[in-house]
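Okay, so here's the structure we're looking at.
The values are calculated or read from the model by the stated rules, or taken from the named source; none is laboratory data. What you see is a predicted model, and the numbers here were worked out from it, not measured in a lab. Virtual Cβ from ideal backbone geometry, glycine too; neighbours counted across all protein chains shown. Calculation scope for accessible area: heavy atoms of the full protein, side chains included, ligands and nucleic acids excluded. Shrake-Rupley method; radii C 1.70, N 1.55, O 1.52, S 1.80 Å.
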Amino acid sequence: MTMFQVENLTKVYGKVRAVDDVSFSIQKGEFVGIIGPNGAGKTTLFHLISGVQPPTSAKVILNNEEITGKAPHLIVQKGLTRTFQVPRPFQELTVHENVEIVKSSKLSVHEQAKQIDHLLQQVGLGSRQSQLAGSLPQGDLRRLEMARALATNPDLLLLDEPFAGLNTAEIESLSELLLQMHDEGITIIIIEHKLKALMKMVKRVIAINFGQLIADDIPQEV
Ligand code: ATP
């Protein structure tokens with residue numbers, strides 16, 4: 001079942017065609033990688049899809065509903081959440097509070113605290129809940145970013161270079177978490193330069209260069 005579709009997505013900055021007529025669709029349950037050299041247009045693609053920037057032209061459809069150019073918070077409510085290349089937690093808040101402010105809920109304070117606790121256990125931050133986010137090492141910051149993303153209950157998760165700045169052990173451990181999130185039913189699109197780690201997870205890769213989609217196939221072919 002097609003859950004997400006991008007048609008003729010284009011973003012022009014002056015003379016630069018940062019994203020140039022890109023079209024693809026994603027089936028529910030896929031785990032898709034996006035690769036390409038620096039400046040190819042990958043992050044801009046995520047900005048356009050997630051409502052951070054308006055496209056010059058496009059049609060973006062999520063779960064049969066057009067979301068083109070909608071505000072980021074409305075797109076999150078429709079089930080699409082994205083992470084950023086550099087994690088953006090509130091440094092002065094604790095790990096628990098950083099998830100609490102994302103997770104809006106009609107539950108009682110106690111019930112909500114239990115849910116957040118469960119989420120933080122799931123991403124491996126169970127013992128760090130009262131620590132200030134600003135004091136976390138890079139690997140844990142990425143885990144917090146995952147917890148904040150999961151707190152929005154996404155159907156489709158866009159990850160922008162989640163392995164950036166992580167060492168080999170942290171990459172392996174975060175890969176396991178991503179595979180677990182995928183197994184639990186989240187469809188994932190991931191931009192990543194660390195190709196070895198990427199290729200272990202995804203079954204399909206889209207390559208972008210000069211804003212254009214130049215390949216869309218199984219990892220071995222791309
Ligand atoms: P990286 O792998 O380094 O993150 P990328 O593939 O994500 O690169 P983008 O950051 O999307 O590439 O940039 C694509 C192109 O668009 C680049 O030429 C960049 O300079 C240009 N660009 C991006 N944002 C803007 C902007 N706000 N104004 C003008 N040009 C921009």
Quiz item: Of Lys28, Lys114, which residue is open to solvent by 60 Å² or more (accessible area, probe 1.4 Å), under 25 Å from Val202 (Cα atoms) and of a type in the set (D, E, K, R)?
Solution: Lys28
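Hey, any hits in the stretch 36-56 for a residue that's away from the ligand (no atom under 16 Å from the Cβ) and surrounded by 16 or more Cβ atoms within 10 Å (Cβ to Cβ)?
We begin by selecting, within the stretch 36-56, every residue away from the ligand (no atom under 16 Å from the Cβ); these are none.
Scanning the stretch 36-56 turns up no residue that is away from the ligand (no atom under 16 Å from the Cβ) and surrounded by 16 or more Cβ atoms within 10 Å (Cβ to Cβ).
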Quiz prompt | Among (1) of a type outside the set (Gly, Ala, Ser); (2) open to solvent by 60 Å² or more (accessible area, probe 1.4 Å); (3) in a helix (DSSP H, G or I), the one test that Val99 misses | solution = (2)
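Please indicate, with yes or no, whether at least one residue in the stretch 82-94 is within 18 Å of Pro162 (Cβ to Cβ), charged (D, E, K, R), crowded, with 16+ Cβ neighbours inside 10 Å and within 16 Å of the ligand (Cβ to nearest atom). Please lay out each step first, then the result.
Keep residues of the stretch 82-94 that are within 18 Å of Pro162 (Cβ to Cβ), which gives 82-89.
The next check asks that each one be charged (D, E, K, R); those that pass are 82, 88.
Imposing the further condition that a residue be crowded, with 16+ Cβ neighbours inside 10 Å reduces the set to 82.
Next, only the ones that are within 16 Å of the ligand (Cβ to nearest atom) stay: 82.
Yes, the conditions are met somewhere in the stretch 82-94.
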Quiz item: For the stretch 150-177, how many residues are surrounded by fewer than 22 Cβ atoms within 10 Å (Cβ to Cβ), more than 16 Å from the ligand (Cβ to nearest atom) and in contact (Cβ under 8 Å) with a residue 40 or more places away in the chain?
Solution: 7
Quiz item: Within the stretch 119-160, which residues are farther than 28 Å from Lys42 by Cα, assigned to a loop (DSSP other than H, G, I, E, B) and over 20 Å from the mean Cα position of the chain (by Cα)?
Solution: Gln129, Ser130, Gln131
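Across the stretch 1-31, which residue is nearest to Ile75 (Cα to Cα) among those that are within 16 Å of the ligand (Cβ to nearest atom) and among the aliphatic types (A, V, I, L, M)?
If we filter the stretch 1-31 for residues that are within 16 Å of the ligand (Cβ to nearest atom), which is where we start, we get 6, 9-22, 24.
So of that shortlist, the ones also among the aliphatic types (A, V, I, L, M) come out as 6, 9, 12, 16, 18-19, 22.
On the way: Val6: 14, Leu9: 17, Val12: 22, Val16: 26, Ala18: 22, Val19: 20, Val22: 20 Å.
Among residues in the stretch 1-31 that are within 16 Å of the ligand (Cβ to nearest atom) and among the aliphatic types (A, V, I, L, M), the one nearest to Ile75 (Cα to Cα) is Val6.
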Quiz item: In the stretch 181-222, how many are surrounded by fewer than 15 Cβ atoms within 10 Å (Cβ to Cβ), in contact (Cβ under 8 Å) with a residue 12 or more places away in the chain and away from the ligand (no atom under 16 Å from the Cβ)?
Solution: 5
